[in-house]
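Q: Starting off with a structure, shown below.
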Amino acid sequence: MIEIKKMIYKCLPTGKAKQIRYKYRMFCKKFHKPLSEELFIELLTEKLRIKEGDTLFIHSSMDFLNIKFTPLQLLKILMEITGEEGTLLFPGWHFNYRAEDYLQNDDNVFDMKHSPAVLGLLPELARRMPEAHRSIHPVNSIIGIGKNATDILSGHEQSVYPCGESSPYFKMLKYNAKIAGIGVNTNFLSFVHCPENVMKDDFPMQTLTKQVFTGKVKLPSGEVINVSTLAAHRNIQKMNIPVFVRRHIPEETLAEYKIRGSEFYIADANALFTKMIALAKEKITIYGHF
């Protein structure tokens, strides 16, 4: 199956290949019986090992998730499992094209209170929760709910490295975070850019622009501030995270599942960070020749 996917993406335009992938996932979803709430909770707690008190970063797709209950109920299930001591984190990006192109438009303003999250319905539902927080960053904002959300999200604007030491990606390591894919595979694993940003020039290839951009952010108070940031370099379009994971990341660090036509994964953020740093020092990265 992996070889077929590689051939499709190699032989067809990216847009056409994505259409085929979408239709295939829709077929898988219709072919299988949807998961009930009871079975889904069992999957989260037994298979993905999510428990009370966890700090959990979630990538998701409701389109590809085969369930028979609402996205809002899914969010409530995650909140109930992690409990009052837990923290849920979601990608809060408000546009879905290249960050460099976004930052070059001086008219663009990220409104922390009103700009919708575009990477799935679940992050947008989380954003609308009364207790939700959002990190201050013009292109890589993160949404958080729960006990440690404010600590993890604070200070994101203090470094030009969007996924570096000041970012929620790095700060969640203090809480032994897990990363979950719900309805998605590791193509959706933004944490992989954290080791790159932390290594900076020691990383074996350029993944960020040399140019520092200024992005406008409208705070909840209404004040508009300027935030300096680097942007993703065009080189990162060459990445292949699923193949990198299957070849180089042990299952105890990141485990993948396919259940009832939907894809899932669970990762130990600290172990993944440590392993990716070690591999990068050997020039093994998600940008290898696959």
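Q: 222 nm [θ] for the chain, helices only, -39500 (n - 2.57) per DSSP H run of 4+, per residue, to 500?
A: Helix-only estimate at 222 nm: -9000 deg cm²/dmol.
Q: Okay, moving on. If you consider only alpha-carbon coordinates, what radius of gyration and Dmax does region 215-290 have, in Å?
A: Over region 215-290's Cα set, Rg and Dmax evaluate to 17.6, 48 Å.
Q: Between [x] 18.5, 51; [y] 24.4, 79; [z] 16.9, 47, which entry matches Rg and Dmax of the Cα atoms in Å as derived from the coordinates of this structure?
A: Only one option fits the structure, namely [x].
Q: OK, next. Can you compute the radius of gyration and Dmax for region 24-181, using only the Cα atoms, both in Å?
A: Computed over the Cα atoms of region 24-181, radius of gyration and Dmax are 16.3, 48 Å.
Q: While we're on this one: Semi-axes, largest first, in whole Å: what does sqrt of 5 times each Cα gyration tensor eigenvalue give for region 118-262?
A: After diagonalising the Cα gyration tensor, the semi-axes are 26, 22, 14 Å.
Q: Any idea how far apart Ser228 and Asn176 come out in nm if each label point goes 7 Å out from Cα toward Cβ?
A: 3.8 nm
Q: Starting from 0.36 nm per residue, how many nanometres of slack lie between Ile284 and Glu37 once their C-alpha separation is accounted for?
A: Fully extending the segment from Ile284 to Glu37 adds 84.9 nm.
Q: When ranked by the protection proxy of mean other Cβ atoms within 10 Å per residue, highest first, what sequence do the peptides 164-174, 221-231 form?
A: Ranking, from highest mean packing down: 164-174, 221-231.
Q: Please list 3J(HN,Hα) in residue order for region 223-233, calculated via the Karplus relation 6.51 cos²θ - 1.76 cosθ + 1.60 where θ = phi - 60°; whole Hz, with x for glycine and proline.
A: 6, 9, 10, 9, 10, 7, 7, 7, 10, 4, 6
Q: Please list the radius of gyration and Dmax for region 72-149, considering alpha-carbon atoms only, with Å as the unit.
A: 13.4, 42
Q: Tell me, what ³J(HN,Hα) does each residue in region 72-77 have, in order and in whole Hz, if you take phi through Karplus 6.51 cos²θ - 1.76 cosθ + 1.60 with θ = phi - 60° and put x for Gly and Pro?
A: 5, 5, 4, 4, 5, 4
Q: Go through region 87-101 residue by residue and turn each phi into a ³J(HN,Hα) via Karplus (6.51, -1.76, 1.60, θ = phi - 60°); whole Hz please, and just put x for glycine and proline.
A: Those phi angles translate into 9, 10, 10, 9, x, x, 4, 10, 8, 10, 10, 4, 4, 4, 5 Hz.
Q: Continuing with this model, one more query. Explain nothing, just the number: relative contact order of the chain, from Cα pairs under 8 Å at least 6 residues apart, as a whole percent.
A: Rounded, it is 20 percent for the chain.
Q: Which one of Tyr161, Tyr265, Tyr97 has the biggest mean-square fluctuation once the chain is modelled by GNM with Cα springs under 10 Å?
A: Greatest mean-square fluctuation among the candidates belongs to Tyr97.
Q: Still on this structure, I have one more. Collect residues whose amide H, placed 1.01 Å from N in the peptide plane, falls under 5 Å from the amide H of Phe110; neighbours closer than 5 in sequence don't count.
A: Hits under the 5 Å cutoff: Lys216, Val217, Lys218.
Q: Of Tyr287, Asn148, Ser115, whose Cα points farthest to the positive end of the dipole of the chain (charges on the beta-carbon: +1 Lys, Arg; -1 Asp, Glu; origin at the Cα centre)?
A: Tyr287
Here, each number is a calculation from the coordinates, and none is a lab measurement. On a predicted model such as this, the values are computed, not experimentally measured, just so you know. Note that we place each Cβ from the backbone using ideal geometry, even for glycine, and neighbour counts take in every protein chain shown.
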